[in-house]
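Have a look at the structure below, then the notes.
Computed from the coordinates by the stated procedures, all read-outs in this text should not be read as laboratory data. Given the structure is predicted, the values throughout are model-derived calculations rather than measurements. Glycine also receives a Cβ, built like all others from the backbone with ideal geometry; neighbour counts cover every protein chain displayed.
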Amino acid sequence: MKLVAIFYILIFLSIPNAFSTELYSKEEAKAKIEPILAKLKIGVDKKDVSIFEEIISFPLNISSSETYVSSDGYVKIKARTINNIKELQEQFDTIFVPSLVSLINCITPDNMIYNSRKGFSAAYGSIWFFDIIEDETGIRRFALWSLSTNKDATNKWLGQECKNT
């Protein structure tokens with residue numbers, strides 16, 4: 001019996017400390033995301049992704065409104081990945097479509113959804129900032145992880161949340 005208990009204790013102690021990271025309160029998270037949103041807005045306005053390179057988690061996922069039927073018979077959204085800042089800059093105009101630019105200009109910590117285990121999102125997932133811990137440095141930050149060029153979903157959200165933009 002003692003051997004079993006010791007075994008379970010060793011397994012528990014060997015689990016990475018991923019679960020020991022303290023969750024941010026909504027107010028703490030809002031304070032951390034505000035400067036990130038500001039950088040994103042400036043970079044998009046200037047069409048210069050180098051301004052917000054440090055807030056991106058590559059590969060950056062880009063989804064669209066197009067769908068396809070996968071080999072297992074499910075309808076899935078077409079997506080692509082951007083692997084580095086050079087690719088992002090080269091594809092700027094196809095990614096940062098007018099509806100996404102309007103979304104970026106409108107979003108604030110107050111009109112985004114915050115999940116203390118995942119991060120911030122808006123417009124039905126048209127933009128996601130995940131709460132990540134960098135493997136190499138151990139630095140914790142919110143990082144832009146996903147964007148969508150689906151104008152229908154984005155415009156619907158904009159109509160509800162950003163009537164004055």
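Compute the long axis of helix 151-161 from its Cα atoms, compare it with the longest principal axis of the Cα atoms of the chain, and write down the angle in degrees, 0 to 90, nearest 10. Computed tilt is about 90 degrees. The DSSP beta bridges internal to segment 24-161 are antiparallel in roughly 85% of cases. Since only 106, 75, 138 are under comparison, the one whose Cα sits farthest along the positive direction of the charge dipole of the chain, derived from C-beta charges on Lys, Arg, Asp and Glu, is 75.
Under a model in which nothing but the beta-carbon of Lys, Arg (+1) and Asp, Glu (-1) is charged, the chain shows a dipole of about 340 debye around its Cα centre. Students often get this wrong, so try it: which of (i) 13.6; (ii) 14.7; (iii) 10.9 is mean projected area of the Cα convex hull in nm² as calculated from the structure shown? Recomputing mean projected area of the Cα convex hull in nm² here gives the entry labelled (i). Across the chain, the relative contact order, built from alpha-carbon pairs under 8 Å that are at least six residues apart, equals 23 percent.
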